[in-house]
Amino acid sequence: MAKGAWIQTLLQRRSPWLAGVAFLFLLLLGLVALSQRDWRNRASVLERENLGLQLAQLAHELTAQSEHLADRTRELAESDAVIRLVQETTDPSADRLELADLSRRDLDALLVLSAPRAVRFSVTVTDGQLSEQPPDPALLQLVESLAASPETANRSSQLTTFSEDRWLVVRPVIGHASPAVLGWVVASRALSPALISKIASSVGGTLSVQPTKAFDSVPVKAAGASAVTTQVSTEDGAGFAVLRDASGGAARVLRLTRAASASRSSMSPASPSGGAGYMLTGLLVLLAILGLIAFALRRYFRHQRSVDARYKALIDQANDGIVIVDSHTYQVLYTNPAFLSRLGYSNEEAQSLTLTDIFADRDASPESVLSRLIEADSAMALNMQQRCKNGAFFDTEVRCNALDVDGRDVLAYVTHDVSLRRKAEQQLIDNQQRLDKMAHHDQLTGLPNRHYLTAFLPQAIEEAKGANTMLGVVFLDLDRFKHINDTRGHETGDKLLQEVATRLRACVRDSDVVIRMGGDEFVVVFRNVKNYDEVTLGAGRIIETLNRPIIIDRHSLQTTGSVGVSLYPRDGANMIELLKHSDTAMYQAKDRGRNNVQMFSHAMNRKLKHRVAVEASLREALRLKQLDVHYQPFVNLITRKIVGLEALMRWSHPVHGMIPADQFIPVAEETGLIVPMGNFVLHRTLQTMSAWRKAGIPLVPVSLNVAPAQLQRGELQSTISTLLKSHNLRPEMLQLEMTERAVFDSHSPAGENRQDSMARLRDLGIKIAIDDFGTGYSSLSYLKNWRVDALKIDRSFVRDLVTDSSDLAIVSAIIAIARHLHIEVIAEGIEAYQQVEILRRLGCSVGQGFLFARPMPADEILKLLRDEAEPPKEEEDMLELFSAGRG
């Protein structure tokens, strides 16, 4: 018979199948029996281990009860109530109430004894209710045993034991200030049925009390009193916990049994039906397990195929590019559509690429790029570039994940295109830099501004301090820039500032910093200065470069600058001091004629402080009405009669006395206080003239000094007009004096406004006089174009009129010109008779000076005017009358 036919015949017979099935069944039964015996052994071991764990937990619970009682006893022994009670220092009723409240928690009995063992407090607790009971003799015996110990003075010495179904704790009471034993505290808690039931529920078993005789010989496993020992019985599967007293003897035995042990005994292997049941059950379980395994494997493979399909769908739909490569050859295995669309490859073309064909890092070598990609992980993104098919590059972030796909190690790279984000970040950086530049740089000139200086100068000072070098701070203010702005326009002024900024930047070193503070003010910081001359030479270069004409819109403009210099550390240790001192020096340069350099000195600082003090005192004088008006007469040199008065401001300081006018008038003009002061003189003068007229005194014209600031305000005409009407005075009784410099200042943009204001005042009927004529901007064209009524020749020409031929010629020319222009001439500062005679011969008819009278208060002038109104005696000379006693 052929081999194939024999196998076919064998397969068609029923007996081999039955034998095979029987063999398999017997084999399965044997395997089940073996597994059941092994399972029972392991179940027995697990049973004993579980019982051991329960016994350990039981021992822990019993020990915790003992330790908790010990802690409560320690708290009571250290409480103030117990200490006061054993010392008998206070009324014990309050302390007993406090101890009664404390004893209700976690205690069954409490005993407090004094040092001689006198009972101070003894109670028992039943269901939260306290009752006083005499102390148990056993407790007193415990106290006696502990008191006899040599370690009684130790704060931590105490006795913890278990006796007669209760825990007992004895602890000495130690005072706060002395280590001596003041008394004793004895606390107890019973191992009640309720507590046993509570502990049994916590350990998951059943507890019962057993006789103690069989456990007296069991060795104690834990040192110390009130130890708890455990053991497991091999006969009935029960465990025992033994509580021992202070001597180590068994005081109480608790038997622990598990609730399920009885049911397990009925299924022990000794039962015949139990073994067969085990085998049948095991066989059924085995078949069920095989079926479940087959079903689970089928479900797993179906689920895996479903998960793979979903993952592939997610990868294909992802916006980020994903490429999977072999972890050994780094050849591309798979790419998603997003990756292909960004790089421009087809799927077939991408399969031939490697990592180094796809990724780059600017100038890095391919080996370096590959090394970084291999070491990448999913936590940290790599910033790299991807190379497109057309050779273009774009920025990307790359994360790597190592995977196992069908037993093959692969690397999956997730790429995120960040080119748009990088572009946006760069735009944000550029915008921030532009905003920073706008905040710290001047928009007109491009120079750093005041905010930049605030941050830069303190840092420059620290650098100079560390390098032991000097630092120069130059404060520059353009002279008469406002005039250029007003006459040429703001556009020309802006171009001039731009040219000045360019010149300043060109005439300093690269390490120096030029800053525009605002308006026409600039600050130049000279860094790394080794000596004083470097700063002075630098400031000189600034003046020199500004003196060159500047061509703006084909017009040549001439500008100059006033420069003040301060040095670190000589003139200041911080930014505020250096800027303040350079600014002070700059104003000193302006006071000295502009277009010069002034180095800061402490004399300037003192002068500035004096000026500030004068300003403050002047404001206080205005508020407290310390100012007054004095009057000095104008005298006709021919008739010797008073033809007018000049109202002069005087300041009587309560401490310093009479302050000269030349010490406070310049300060008032600089600070703007001259306006309220001028208004005060105007009001006081017209009020005084009104009073004189009411007193019947013939009035003479009164001359008042007017500051340029009063004309610029534009309110002077209306104020004078209102006051004249209110006091019923004629306008021709008032004359306004203005200095030649203030009226004829050709560089002042307010010159035309002043001329208009003066014209309106003259139209009102008020006379205009030019004070200190000949010391300022004397020009015949001014006298021609400006309508004035009087010229006051400055005292500097009158003083040396007798001895100086030049002064004589100048005075003669002024008088001759004024006579032809029909302008009255008044000579100031007359102090000698010879001056009177010369002036009278030259044609000057009115004079003023100490020869006639000094400035005097209103009441003295009133007396003089009253005497003037009386007819003089024939032999009385008015000139002698002035000089004799009224001057």
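The values are calculated or read from the model by the stated rules, or taken from the named source; none is laboratory data. Predicted, not measured: the structure shown is a model, and the values here were computed from it. Neighbour counts run over all protein chains shown; Cβ positions are idealised from the backbone, glycine included. Only protein heavy atoms, including side chains, enter the accessible area calculation; ligands, DNA and RNA are left aside. Shrake-Rupley method; radii C 1.70, N 1.55, O 1.52, S 1.80 Å.
When Lys and Arg each count +1 and Asp and Glu each count -1, what net charge do the other residues less than 14 Å away from Met658, Cβ to Cβ, add up to?
On the way: positive: Arg650, Arg854; negative: Asp628, Asp662.
Here the charged neighbours net out to 0.
Using each residue's phi in region 542-558, evaluate 6.51 cos²θ - 1.76 cosθ + 1.60 at θ = phi - 60° and report the 3J(HN,Hα) Karplus result to the nearest Hz, with x for Gly and Pro.
Computed from phi, the couplings for region 542-558 are 5, 4, 5, 6, 6, 6, 6, x, 10, 8, 10, 6, 6, 10, 8, 10, 10 Hz.
Which length gain, in nm to one decimal place, applies between Asn383 and His176 when the Cα-Cα distance is subtracted from 0.36 nm times their residue separation? Numbers along the way, then the final one.
Details: separation 207, 0.36 × 207 = 74.52 nm, distance 6.98 nm.
Contour length minus Cα-Cα distance gives 67.5 nm.
What does the extension gain come out to for Ala392 and Lys641, with contour length at 0.36 nm per residue minus their alpha carbon separation? Don't skip to the answer; put the middle values down first.
Details: separation 249, 0.36 × 249 = 89.64 nm, distance 10.61 nm.
Once the chain is fully extended between Ala392 and Lys641, it gains 79.0 nm.
Where only protein heavy atoms count, and the probe is 1.4 Å, what is the accessible area per residue for region 420-530 in Å²?
Ligands and nucleic acids excluded, the result is 54 Å² per residue.
In what sequence, highest mean first, do 132-144, 62-74, 659-671 appear when ranked by Cβ atoms within 10 angstrom? The partial results should precede the final answer.
Values: 132-144: 14.2, 62-74: 17.7, 659-671: 15.8.
Highest to lowest by the protection proxy: 62-74, 659-671, 132-144.
Which residue, chosen from Leu428, Val513, Val474, occupies the Cα position most advanced towards the positive end of the dipole of region 411-538, where the dipole is computed from +1 (Lys, Arg) and -1 (Asp, Glu) charges on Cβ about the Cα centre?
Checking the options against the dipole of region 411-538, the answer is Leu428.
Determine, for each peptide in 834-840, 549-555, 196-202, the mean count of other beta carbons within 10 angstrom over its residues, then list the peptides with the highest first. Provide the component values of the computation, followed by the final result.
Values: 834-840: 18.0, 549-555: 11.4, 196-202: 14.4.
Going from most to least packed, we get 834-840, 196-202, 549-555.
Quick one: compute the contact order of region 318-432, relative version, from alpha carbon pairs under 8 angstrom and 6+ residues apart, as a percent. Provide the component values of the computation, followed by the final result.
Details: 187 pairs, mean separation 28.2, N = 115.
That works out to 25 percent.
Summing +1 for each Lys or Arg and -1 for each Asp or Glu, what net charge is found among the other residues whose Cβ lies under 12 Å from the Cβ of Gly765? Mind showing how you got there, number by number?
Numbers: positive: Arg730, Arg760, Arg762, Lys767; negative: Glu732, Asp763, Asp789.
Net local charge, Gly765 excluded: +1.
Going by amide H atoms built from the backbone, whose H comes under 5 Å of the H on Ser845, apart from near neighbours?
Those qualifying (amide H under 5 Å, at least 5 residues apart or on another chain) are Val825.
Residue by residue through region 170-177, what is 3J(HN,Hα) from phi via Karplus (6.51 cos²θ - 1.76 cosθ + 1.60, θ = phi - 60°)? Round to whole Hz and write x for glycine and proline.
Ordered by residue, 3J(HN,Hα) equals 10, 9, x, 9, 10, x, 6, 9 Hz.
What is the extension gain from Ala43 to Asp127, computed as 0.36 nm multiplied by their sequence separation minus the C-alpha to C-alpha distance, in nm to one decimal? Can you show the working numbers first?
Working: separation 84, 0.36 × 84 = 30.24 nm, distance 4.42 nm.
Full-extension gain reported as 25.8 nm.
How high is the relative contact order of region 656-711, in percent, counting Cα pairs under 8 Å that sit 6 or more residues apart?
So the answer I get is 45 percent.
Once label points are set 7 Å from the Cα along Cα→Cβ at both Arg840 and Ser721, what is their separation, rounded to one decimal in nm?
4.3
Take the Cβ-Cβ distance between Ile551 and Arg713 as r, set R0 to 51 Å, and report the resulting FRET efficiency rounded to the nearest 0.05.
Working: r = 37 Å, r/R0 = 0.73.
Plugging the Cβ-Cβ distance into 1/(1 + (r/R0)^6) gives 0.85.
Going from most exposed to least, what order do His416, His727, His822 have by accessible area with a 1.4 Å probe? Could the numbers behind the result be given before it?
Values: His416 75, His727 40, His822 165 Å².
Ranked from most to least accessible, the order is His822, His416, His727.
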